[in-house]
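For reference, the structure is listed below as structure tokens.
Rule-based calculations on the coordinates, nothing more; no lab input. Here the structure is a predicted model, which is why all the values come from computation and not from measurement. Cβ sites come from the backbone with ideal geometry, for glycine too, and all protein chains shown count toward neighbours.
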Amino acid sequence: MQISLSNLGKRYNYEWIFRGLSYTFDSGSSYAILGHNGSGKSTLLTIIAGHNLHSEGEIAYTAGGQTIAPDEVYRHLSLTAPYLELVEDFTLTELIAFHTRFKPLRQGLSHTALIDRMGLQKSSNKFVKDFSSGMKQRLKLGLAIYSDTALLLLDEPTTNLDQDGVAWYQEHVALNQADRLIIVGSNILHEYGFCEQQLRISDFHPQPVRR
């Protein structure tokens, strides 16, 4: 999968978050979007995911030489972020069954095998609302990383994870990195240390537009 940004810009009211962003993301590579809190990392990720609209410029998606229509992009990506919610009235087993109706798992992985890889075997029949914040984050990461998608978007992926959780994240991203486009929004090295390319969103911060 390839994503091409051409003079992309996002504005809220009269303030530009970023502007004049031209960049190409290629499959088989991992990219870090870097910047301080509030710099626009999450905004750019949500625009790439189609959850947010850009204010100017163009964004194009291609796979296997074929253009992907904007309303079909969601089929090709998985996203995890602190602001995304889980369906907490499901048990873990029910949630995975629901999720995989829309996004099958990579390499024919079974639901039980995914639970094992997330280290949540003892919580198979536990309601997600009763999970700790760290367990919820590991679940969100597991669903995203192990979905059979060409594009993996990770926004502040180790939020609420302890040291063991961070090590788990690093291990499983590495296991699922090949032949995939991965984009990480972060300002913490252990979240994006594996990325070969870096894009500093602050390089595209214009002066505020005044009336």
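Apply 1/(1 + (r/R0)^6) to the Cβ-Cβ distance of R75 and S110, taking R0 = 22 Å, and write down the FRET efficiency to the nearest 0.05. Don't jump to the answer; show the numbers that get you there.
Numbers: r = 22 Å, r/R0 = 0.99.
The formula returns an efficiency of 0.50 here.
In debye, nearest 20, what is the charge dipole magnitude of the chain about its Cα centre with +1 on Lys and Arg Cβ and -1 on Asp and Glu Cβ, if you could check?
On the way: 19 positive and 22 negative charges, 63 e Å.
Computed about the Cα centre, the dipole is about 300 debye.
Hey, got the dipole for the stretch 87-185? About the Cα centre, +1 on K and R Cβ, -1 on D and E Cβ, debye to the nearest 20?
Working: 11 positive and 12 negative charges, 44 e Å.
It comes to approximately 220 debye.
Name the chymotrypsin sites (Phe, Trp or Tyr not before Pro) in the stretch 110-211 that are in a loop by DSSP and that have at most 16 other C-beta atoms within 10 Å, would you?
Passing sites in the stretch 110-211 are F194.
Once the dipole of the stretch 2-204 is set up with Lys and Arg at +1 and Asp and Glu at -1 on Cβ about the Cα centre, which of L141, F98, A178 lies farthest towards its positive end?
F98
I need the peptides 38-50, 61-73, 3-15 ranked by packing, meaning the mean over residues of other C-beta atoms within 10 angstrom, with the highest value on top. Please list the in-between numbers first.
Working: 38-50: 20.4, 61-73: 12.2, 3-15: 15.0.
Packing order, densest peptide first, comes out as 38-50, 3-15, 61-73.
Can you give me the relative contact order of the stretch 2-204 as a percent, contacts being Cα pairs under 8 Å and 6 or more apart?
Values: 346 pairs, mean separation 65.7, N = 203.
Rounded, it is 32 percent for the stretch 2-204.
Give me the distance between the Cα centres of the stretch 74-129 and the stretch 6-29, rounded to whole Å.
Measuring centre to centre over Cα atoms gives 31 Å.
Based on alpha-carbon atoms only, what is the radius of gyration of the stretch 87-196 relative to the globular estimate 2.2 N^0.38 Å? It would help to have the intermediate numbers written out before the result.
Numbers: Rg = 13.4 Å, N = 110, 2.2 N^0.38 = 13.1 Å.
Normalised Rg, Cα atoms only: 1.02.
Tell me which lysines have Cα within less than 26 Å of K41's Cα, excluding those fewer than 8 residues away on the same chain?
Candidates past the 8-residue exclusion: K10, K103, K136, K140.
State, to one decimal in nm, how far the label point of D148 lies from the label point of F102, with both points 7 Å from Cα in the Cβ direction.
With each label point 7 Å from Cα toward Cβ, the separation is 1.8 nm.
Could you work out the helix-only [θ] at 222 nm for the chain, with each DSSP H run of four or more residues adding -39,500 (n - 2.57) and the total divided by the number of residues, to the nearest 500 deg cm²/dmol? Walk me through the numbers before you get to the answer.
Working: 6 runs with 55 residues, N = 211.
Mean residue ellipticity, 222 nm, calculated: -7500 deg cm²/dmol.
With the convex hull built on the Cα atoms of the chain, state its orientation-averaged projected area in nm².
Values: hull surface 48.0 nm².
Mean shadow area of the hull around the Cα atoms is 12.0 nm².
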